[in-house]
1. Could we say that V124 is part of a loop (DSSP other than H, G, I, E, B), of a type in the set (A, V, I, L, M, F, W, C), surrounded by fewer than 18 Cβ atoms within 10 Å (Cβ to Cβ) and over 15 Å from the mean Cα position of the chain (by Cα) here?
2. Which pairs have Cβ atoms under 9 Å, sit 6 or more apart or on different chains, and link a residue in the range 169-186 that is β-branched (V, I, T) to one that is open to solvent by less than 20 Å² (accessible area, probe 1.4 Å) and in a helix (DSSP H, G or I)?
3. Can you tell me which residue among R102, R92, R83, R142 is out of contact with any strand residue (DSSP E or B) (no Cβ under 8 Å at 6 or more places or on another chain), of a type in the set (K, R) and touching a residue at least 60 places away in the same chain (Cβ under 8 Å)?
4. Pairs, please: C-beta under 8 Å, at least 6 apart or cross-chain, first residue under 19 Å from D98 (Cα atoms) and in the range 47-69, second at pLDDT 90 or above and polar (S, T, N, Q)?
5. Tell me whether the range 36-46 contains one or more residues that are in contact with a strand residue (DSSP E or B) (Cβ under 8 Å, 6 or more places away or on another chain) and among the hydrophobic types (A, V, I, L, M, F, W, C).
6. Can you name the number of the only condition in (1) in a loop (DSSP other than H, G, I, E, B); (2) touching a helix residue (DSSP H, G or I) at 6+ places or on another chain (Cβ under 9 Å); (3) more than 24 Å from Y58 (Cβ to Cβ) that R142 fails?
7. Restricting to the range 83-121, give me the number of residues that are charged (D, E, K, R), part of a helix (DSSP H, G or I) and open to solvent by 30 Å² or more (accessible area, probe 1.4 Å).
Amino acid sequence: MIAGIGHNQGPSLERGQKWRAFQWQKAREAAMPSAIPLMVVKMRVARARELGLDYKAYAAVRQATGRDILALLFSSNALRVVRAGAPHIPLREAEVLDKVQRAQKLALVHRPLRPDSVAQANPVLDHVAEAPKFTDSWSAMRDHLGQVVQGRKLVGDQVLIIGDTGLERDWATASKAAGYVEAARYFGA
């Protein structure tokens, strides 16, 4: 039964709801392996290393989406590129990005930075575009991020967003991304 307008998505008041929830949980547990095979864990540890992520962060994303991460999307704040006159990524962050394997490295830059100047100054990045404006509505932000992701032939939950502000954390929800990691955690600050 589909909930109608005004339904708060609270628990069902129908008889037998607890029994159905119990059965659902049992079926779910039966379908999911109780332990991940060691070879799979080793492959995931290696993949996390390729992405520059700690295993815990990678495993959480993998469990939530069921997909591998194919792109890392950084904000200009996360990359510590904040002045138009100095569009270079600091050496420490550039070295971390240079080690990323088998994933696109995307960046969204806030004004007054220009995507073309940041891309020229940082060849380690695969694609640079303008970030959504601070004044954009939720739907405008969602559409803008969707265009960037789809333009790279990706689906939202294949992209992990690395940012440095609450607004950039909202990008993950708006774009239905795989998740969000704070820049300090990613770059190990």
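1. Working: part of a loop (DSSP other than H, G, I, E, B): yes; of a type in the set (A, V, I, L, M, F, W, C): yes; surrounded by fewer than 18 Cβ atoms within 10 Å (Cβ to Cβ): yes; over 15 Å from the mean Cα position of the chain (by Cα): yes.
The answer is yes for V124.
2. Filtered contacts from the range 169-186: V181/A57; V181/V61.
3. Working: R102 fails: touching a residue at least 60 places away in the same chain (Cβ under 8 Å); R83 fails: touching a residue at least 60 places away in the same chain (Cβ under 8 Å); R142 fails: touching a residue at least 60 places away in the same chain (Cβ under 8 Å).
Selected residue: R92, the only one of R102, R92, R83, R142 that is out of contact with any strand residue (DSSP E or B) (no Cβ under 8 Å at 6 or more places or on another chain), of a type in the set (K, R) and touching a residue at least 60 places away in the same chain (Cβ under 8 Å).
4. What qualifies is E50/Q101; L51/Q101; I69/Q158.
5. The initial filter retains those residues of the range 36-46 that are in contact with a strand residue (DSSP E or B) (Cβ under 8 Å, 6 or more places away or on another chain), namely none.
Checked the range 36-46: no residue is in contact with a strand residue (DSSP E or B) (Cβ under 8 Å, 6 or more places away or on another chain) and among the hydrophobic types (A, V, I, L, M, F, W, C).
6. Among (1) in a loop (DSSP other than H, G, I, E, B); (2) touching a helix residue (DSSP H, G or I) at 6+ places or on another chain (Cβ under 9 Å); (3) more than 24 Å from Y58 (Cβ to Cβ), the lone unmet condition for R142 is (1).
7. Start the filter on the range 83-121 by keeping residues that are charged (D, E, K, R), which leaves 83, 92-93, 95, 98-99, 102, 105, 111, 114, 116.
Filter once more, keeping what is part of a helix (DSSP H, G or I): 92-93, 95, 98, 116.
Checking which are open to solvent by 30 Å² or more (accessible area, probe 1.4 Å) leaves us with 92, 95, 98, 116.
Number satisfying all stated conditions: 4.
Yes/no per residue for (1) of a type in the set (G, A, S); (2) out of contact with any helix residue (DSSP H, G or I) (no Cβ under 8 Å at 6 or more places or on another chain); (3) assigned to a helix (DSSP H, G or I):
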site: K26; (1), (2), (3): no, yes, yes
site: A30; (1), (2), (3): yes, yes, yes
site: A48; (1), (2), (3): yes, no, yes
site: A59; (1), (2), (3): yes, no, yes
site: I69; (1), (2), (3): no, no, no
site: L72; (1), (2), (3): no, no, no
site: N77; (1), (2), (3): no, no, no
site: R80; (1), (2), (3): no, no, no
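The values are calculated or read from the model by the stated rules, or taken from the named source; none is laboratory data. Since we're looking at a predicted model, the values are computed, not measured. A quick note on method: Cβ atoms are made from the backbone with ideal geometry, for glycine too, and the neighbour counts reach across all protein chains shown. Heavy atoms of the whole protein, side chains included, go into the accessibility calculation; ligands, DNA and RNA do not. Shrake-Rupley method; radii C 1.70, N 1.55, O 1.52, S 1.80 Å.
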